[in-house]
Amino acid sequence: MTRGASLSRRAFLGAAALGAGAALAPSRISVARTPAAFVPTKTLTLASGEMDFRLLGADRPATRIYAYDGIPFQELRLPRGTRLEATFENGLDEGSTVHFHGIRMPNEYDGVPTITQPLIQPGGRFVYRIPLDDPGTFFFHPHCDETGQAGRGLVGVLVVEDPRDPEFDAEHVLSLKDWRLAQDGSFLNLSEPDGASKAGTFGATRSVNGAPSLALTAPAGGDVRLRILNVDSTRIMDIGVEGAEAMLIAVDGHALPPVSLDSLPDGVWRMGPAQRIDLALRMPTDGSPVTIGDYRAAKVYSFATLTAKGRVKRGKPAYALPKANIPRADLKKATRHSFTLQQATDSAVKELSLPPDDPLAKALLDSLCVGSTTYWGINQNSWPTGERRSVPPPLATMKADASYRVEIKNETRFPHPVHLHGHAFEVLSSSLDRLPRHLADTVLVQPGEAVEIAFVAAPGDWVFHCHILEHMETGMMGYFRVV
């Protein structure tokens, strides 16, 4: 791994202006502030950097990927209730941040450059103070040049464990990601205009935990928990299981009453980038294998096989996780908003500005964190691209602790996984009647579909965007201001 040797001039001047220790302190730019009282119970360091990794095979050329602490898809496991103090050290040769995806947290630690914090320059560091109150399967990644940094592998897994969970005989974490690689192991262009303006730019080298597929074990007759994460930049996947009945027990980390995959449309759970599911299944007592795959393409991608090792005898399956302790919106009193996902062009972008007394009125987005061209928008508003770097006004202004019902309408020809930072929302309905009611932080909205979500607003400036990374970086992002 290589790291930046020293603070850049920009980072050094920023730290000097703020005083000693400022590189470690949260520096908020947005308007709302949450209470700062926080006593850490776990401290750690996350260092981003480069490393060689043989994605094409043991006898093929290595690829220079990005990773945290030199560990591809590094997995952190911490108990529910942890107060995590994570010091991020940027060892890349470009600015970066860390976004703890799906975690409800104070807004100043959300990791969005300009909106919640400055960009962390090469050699710089920043302390994140994250309360882990919600158990489940989460992950962390940069929130600037995501197509470039996450596309090169800068992703980690965060499992928040709950001692109240039912007992399983085996548990496996499966991180799914494609790679855009040439035959010599080098990266192809991670974004192409034809992809960014349509369904996204796809990689041809598919992987699970960095390998083409995994051979896993579990005892015959035993109960297995699978934590499956789509950490790809682009690909939407249809996750299915052959050889055993699989139950969906959590979406985006949050429990729901167990639902048989076989009872869902086409017997799969469709999930876009940034979405996660937990599945539970019982291994066949005769020792036959179980395969887990992506059934979306004509050729099924079987990314893991479970084979029997040992044997246990279990009673009736009991897979229900403890009920998620998430603030629920008062649907009768909730204020309604509607947002439409649209295709756009640079020429159609509205030139909107914040009031001159707004804290963000004179702030400029870092040029690394904006795309070159506009292809997408929300309610005819597009996140700045190209030379336009002024922070736009919020998509909506909301009141802290108030209830909201938000309709997301997709008027484009392509699906969009829409993510709201800092909240777990309830998916209430789909106009295509294809989704069970559940909690999530990202919801996949199909072409022509309208999905309604509800949440209790937390204070801060929270970005709301498509998690197909090229779509986000070419306009399909905005933010809600909660005051």
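The values are calculated or read from the model by the stated rules, or taken from the named source; none is laboratory data. Keep in mind it's a predicted model, so treat the numbers as computed, not measured. Note that we place each Cβ from the backbone using ideal geometry, even for glycine, and neighbour counts take in every protein chain shown.
Among the residues making up the stretch 404-426, a single one is surrounded by 20 or more Cβ atoms within 10 Å (Cβ to Cβ), touching a Ser or Thr at 6+ places or on another chain (Cβ under 6 Å) and over 13 Å from Ala440 (Cβ atoms): Tyr404.
Listed here are the strands (runs of 3 or more DSSP E) enclosed by the stretch 344-436 that have at least 1 residues being of a type in the set (Gly, Ala, Ser) and closer than 19 Å to Asp110 by Cβ: 396-398.
Scanning the stretch 412-459 for residues that are among the charged types (D, E, K, R) and in contact with a helix residue (DSSP H, G or I) (Cβ under 9 Å, 6 or more places away or on another chain) gives a single hit, Arg434.
Could you check the stretch 70-125 and list, in sequence order, the residues that are of a type in the set (Gly, Ala, Ser), buried (at least 18 other Cβ atoms within 10 Å of the Cβ) and assigned to a loop (DSSP other than H, G, I, E, B)?
Going residue by residue through the stretch 70-125, those that are of a type in the set (Gly, Ala, Ser) are 70, 81, 86, 91, 95-96, 102, 111, 123-124.
Next, from what is left, pick out any that are buried (at least 18 other Cβ atoms within 10 Å of the Cβ): 86, 91, 95-96, 102, 111, 123-124.
The answer is Gly91, Gly95, Gly102, Gly111, Gly123, Gly124.
With respect to (1) over 15 Å from the mean Cα position of the chain (by Cα); (2) part of a loop (DSSP other than H, G, I, E, B), the lone exception for Gly151 is condition (1).
Exactly one residue out of Phe126, Phe168, Phe139 is among the aromatic types (Phe, Trp, Tyr), at pLDDT 95 or above and closer than 30 Å to Leu56 by Cβ, and it is Phe139. Residues considered: Val241, Val251. Of these, the only one that is of a type in the set (Val, Ile, Thr) and more than 18 Å from Ala304 (Cα to Cα) is Val251.
Table: residues versus (1) of a type in the set (A, V, I, L, M); (2) in contact with a Gly (Cβ under 8 Å, 6 or more places away or on another chain).
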| position | (1), (2) |
| --- | --- |
| Ala199 | yes, no |
| Phe202 | no, yes |
| Ser207 | no, no |
| Arg227 | no, no |
| Asp232 | no, yes |
| Met247 | yes, no |
| Asp286 | no, no |
| Val290 | yes, yes |
| Gly293 | no, yes |
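I want to confirm something. Restricting to the stretch 91-107 and keeping residues that are touching a Cys at 6+ places or on another chain (Cβ under 8 Å) and not β-branched (Val, Ile, Thr), which single residue is nearest to Asp461 (Cα to Cα)? Quick ask: steps written out before the conclusion?
Within the stretch 91-107, the first condition is being touching a Cys at 6+ places or on another chain (Cβ under 8 Å), and the residues that meet it are 95-97.
Checking the rest, the ones that are also not β-branched (Val, Ile, Thr) come to 95-96.
Numbers: Gly95: 21, Ser96: 19 Å.
Among those residues, the one meeting the criterion is Ser96.
Taken over the stretch 286-311, residues that are farther than 14 Å from His172 by Cα and either within 27 Å of the chain's Cα centre (by Cα) or surrounded by fewer than 15 Cβ atoms within 10 Å (Cβ to Cβ) (or both) amount to 16. Would you confirm whether any residue within the stretch 201-216 is touching a helix residue (DSSP H, G or I) at 6+ places or on another chain (Cβ under 9 Å) and crowded, with 16+ Cβ neighbours inside 10 Å? Checked the stretch 201-216: at least one residue is touching a helix residue (DSSP H, G or I) at 6+ places or on another chain (Cβ under 9 Å) and crowded, with 16+ Cβ neighbours inside 10 Å.
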